[in-house]
Ligand SMILES: [Zn+2]
């Protein structure tokens, strides 16, 4: 039996290490709604999670999707900002 349902991951906080811009992490809420786990992200890739589940767990997958979307929207934002600076309005 193939499990295709994806569980939503609740992201509580995002952290970026100032000393290393490539490294960061997310604090996520457990499916029991009480426990909190830390998902480590390095260079845009979710690498580890502190939960006891078999890796990659759904926290890692959820954080990876969130990180991908965040990076995609950031690029779009940069593109939009860039388009405002095109000379021609004067
Ligand atoms: Zn996990």
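No lab work stands behind these numbers, since they all come straight from the coordinates. Please read all numbers here as calculations on a predicted model, not as lab measurements. For neighbour counting, all protein chains shown are included, and Cβ atoms are generated from backbone atoms with ideal geometry for every residue, glycine included.
Assuming 0.36 nm per residue, please report the length gained on full extension of the stretch residue 17 to residue 31 beyond their Cα-Cα distance.
Between residue 17 and residue 31, full extension yields 2.4 nm more.
Quick one: if the Förster radius is 22 Å, what FRET efficiency do residue 7 and residue 78 give, using the C-beta to C-beta distance and rounding to 0.05?
Rounded to the nearest 0.05, the efficiency is 0.10.
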